[in-house]
Amino acid sequence: MKEQIMNNNLQQTKSSKMTLIEMVETALYAALIFLGVAFFRIPTGGTQFVHFGNALVVVGVLVLGSTRGAIAAGIGLFLFDVTHGYASAAPITVLESVLVCVVLYFVFEKAMKKNDKAFNIVLVALIAAITKIILNFIKYTFYKGMFLQGLVFEAAAINALTKITGTFGSALLTFIAVPLLYPIFKTVIKQIKRG
């Protein structure tokens, strides 16, 4: 009986340790997303800029899973927005990143069964890039253009296209960077789990 109690305690300790490791990995990845946007961005005019944020969100989903990837994305991007003068946009930024993660959940985890062959990773990067463009177009057309500014659809859509120049650049960067970064991060995560 005493041995069984000790085994149960040992199993609980191991699962707690894994949970702690996963929390630390997620927090570190959130910090990486924050740094990836804060220090590696190229202004495109206005408030938009090209950055590694979306690419790192995608890699996060691939290496951490969609739930932890979404948490890391939400925290990292929220902190960036709040600390860099975009606090009013922070909730929408978090929503956009979570929606990208949801799309990737259905594409990578469900449809592709987490098969990370090179073609699938390129396809995931492309889908994430297109998803981000669509979400930004919707945000700038319907929410910011029509709802907040009272524009008619045509004017709001044209205005949106001029506002999302940085999104096109970030989408291209996502398409290029994800297939390059994923194998590196996958190796690092494996090393952490072994260590």
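Restricting region 92-102 to residues that are over 15 Å from LEU64 (Cα atoms) and among the aliphatic types (A, V, I, L, M) leaves a set whose member that is surrounded by the most Cβ atoms within 10 Å (Cβ to Cβ) is VAL94.
Out of everything in region 65-91 that is surrounded by fewer than 16 Cβ atoms within 10 Å (Cβ to Cβ) and of a type in the set (A, V, I, L, M, F, W, C), what residue ends up being nearest to ALA27 (Cα to Cα)? For region 65-91, the residue satisfying everything is VAL82.
Within region 88-101, residues that are of a type in the set (D, E, K, R) reach no partner that is surrounded by fewer than 18 Cβ atoms within 10 Å (Cβ to Cβ) with beta carbons closer than 6 Å at six or more positions or on different chains.
To keep it simple, each residue is scored yes or no on (1) surrounded by fewer than 18 Cβ atoms within 10 Å (Cβ to Cβ); (2) under 16 Å from ALA55 (Cα atoms).
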| site | (1), (2) |
| --- | --- |
| PHE106 | yes, no |
| GLU109 | yes, no |
| MET112 | yes, no |
| ALA125 | no, yes |
| ALA129 | no, yes |
| LYS139 | no, no |
| TYR143 | yes, no |
| ALA171 | no, yes |
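Taken together, the criteria place ILE189 among residues that are more than 23 Å from LYS139 (Cβ to Cβ), aliphatic (A, V, I, L, M), in contact with a helix residue (DSSP H, G or I) (Cβ under 6 Å, 6 or more places away or on another chain) and modelled with pLDDT under 95.
The values are calculated or read from the model by the stated rules, or taken from the named source; none is laboratory data. Since the structure is predicted, the reported quantities are computational estimates derived from the model, not experimental observations. Here the Cβ is made from the backbone with ideal geometry for all residues, glycine too, and neighbour counts use every protein chain on show.
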